[in-house]
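Here's the structure, in structure tokens; my notes come after.
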Amino acid sequence: MMRRLLCWATAVAASLIVLNLPAQAQVPTSFPSKPITLIVPFQAGVSADLLFRGIADSASKHLGQPVIVDNKPGGSATLGPATIANTTKPDGYTIGQITITAFRVPYMQKATFDPVKDFTYIIHLGGYTLGAVVKADGPLKSWKDVIDFAKTHPGKFTYATIGPATTNAIAMELMARQSGVQFTHIPTKGGGESIAAVLGGHIMSMVESPAWAPQVASGDFRLLMLLNGERSKKWPDAPTLKELGYTYEFDSPFGLAGPKGMDPAIVNKLHEAFKKAYDDPKVSELYEKFDFTRRYMNTADYQAFVPKLASDEKAALEKLGLAKHE
């Protein structure tokens, strides 16, 4: 009788221990047991899409399941993040690229997500190379020429980006203010339209990621400067903003995130797989081919970086008068 009571007590104690184990210990070790969807907030075929398809392919090998890219362009690259924040489960099976505009649009207009509170940040992967080009046979040979022209012809220097929420447009307006000049921003639908407008003499400059690279290589465009913090190996003669006397730099940081509430064990598995993909030589070649900057942060560092990034973007928008009124 005593032995049966002892066995019963042992069983009860064991069951209580299991019930009180932390949730992380109960995560199934089989994750992932089905394909993972990776939302890219750009059209198929653009450089960001091609980079993430390479990253997804490499990560698939380490996860043991396919990582399938789902393109959701729109909303200045915020349709994808909005989908993640509002319609997906925090089970790790839907994640996506989070770009800098996800940290701007919610402070410029009503949005369906909060960039700090509504995501689980997994891994930071890099940024964009961004530069300003003009027609090579035009009168503007340097950035000093641009500022001199803008001082004598207020508002006559025109530049194209894909919208006012882009890093490029924000940077240009901050530069104009610091230089005491006025530029005129002309939004376009994308790189192809901007290139045609500059080549046709309808817009003086294009400020974008390197959709302009073929025209620079052919001699049709002149690259005047880069918004990044360091000079490019591909265009070593192009000065950076700080070299031109400005007090900031831009590279449009991006990384991967899922909806809020993801289990740390699943986040860790995803981080490890995508870190191995980031280190894959074939993926490194894609970074170089499409002129992306490499800047890795682990989960903890990325999550600590996010609130500061959001605060800085909000402050910049308020300075420019672009922040929404509460």
Pick from the range 300-313, criterion over 15 Å from K117 (Cα atoms) and either touching a residue at least 12 places away in the same chain (Cβ under 8 Å) or in contact with a His (Cβ under 9 Å, 6 or more places away or on another chain) (or both), ranking: surrounded by the fewest Cβ atoms within 10 Å (Cβ to Cβ) | D301
Exclusive hit being buried (at least 17 other Cβ atoms within 10 Å of the Cβ) and at pLDDT below 95, set G96, G75, G92 = G75
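Could you list, in sequence order, all residues of the range 33-61 that are part of a loop (DSSP other than H, G, I, E, B) and crowded, with 18+ Cβ neighbours inside 10 Å? Step through it out loud before you land on a result.
From the range 33-61, those part of a loop (DSSP other than H, G, I, E, B) are 33-35, 41-46; that's our starting set.
Hits for the range 33-61 are P41, F42.
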Within the range 264-304, restricting to residues that are aromatic (F, W, Y) and more than 23 Å from P35 (Cα to Cα), the one that is nearest to the chain's Cα centre (by Cα) is F292
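Of the residues that make up the range 114-127, is at least one at positive phi, of a type outside the set (A, V, I, L, M, F, W, C) and buried (at least 21 other Cβ atoms within 10 Å of the Cβ)?
Taking the range 114-127 as the starting set, the residues that turn out to be at positive phi are 126.
If we keep only those that are of a type outside the set (A, V, I, L, M, F, W, C) as well, we get 126.
Imposing the further condition that a residue be buried (at least 21 other Cβ atoms within 10 Å of the Cβ) reduces the set to none.
No, the conditions are met nowhere in the range 114-127.
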In the range 266-296, which residues are on the phi < 0 side of the Ramachandran plot, at pLDDT below 95 and out of contact with any strand residue (DSSP E or B) (no Cβ under 6 Å at 6 or more places or on another chain)?
-> E288, K289, F290
Boolean, R177 is more than 19 Å from the chain's Cα centre (by Cα), more than 21 Å from K289 (Cβ to Cβ) and at pLDDT below 95 = yes
Determine whether K324 is part of a helix (DSSP H, G or I), touching a helix residue (DSSP H, G or I) at 6+ places or on another chain (Cβ under 8 Å) and open to solvent by 70 Å² or more (accessible area, probe 1.4 Å).
-> no
With criteria (1) modelled with pLDDT of 95 or more; (2) over 30 Å from S284 (Cβ atoms); (3) open to solvent by less than 60 Å² (accessible area, probe 1.4 Å); (4) among the aliphatic types (A, V, I, L, M), A132 comes up short on (2)
Apart from one, (1) of a type in the set (S, T, Y); (2) part of a helix (DSSP H, G or I); (3) buried (at least 18 other Cβ atoms within 10 Å of the Cβ) all hold for S284; the odd one out is (3)
Name the residue, out of P214, P259, P239, that is over 24 Å from F183 (Cβ atoms) and modelled with pLDDT of 95 or more.
-> P259
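The values are calculated or read from the model by the stated rules, or taken from the named source; none is laboratory data. All values reported here derive from a predicted model rather than from experimental measurement. Neighbour counts are summed over all protein chains in view; Cβ atoms, including those assigned to glycine, are modelled from backbone coordinates with ideal geometry. Quick note on the areas: whole protein, heavy atoms, side chains included, nothing else; ligands and nucleic acids left out. Shrake-Rupley method; radii C 1.70, N 1.55, O 1.52, S 1.80 Å.
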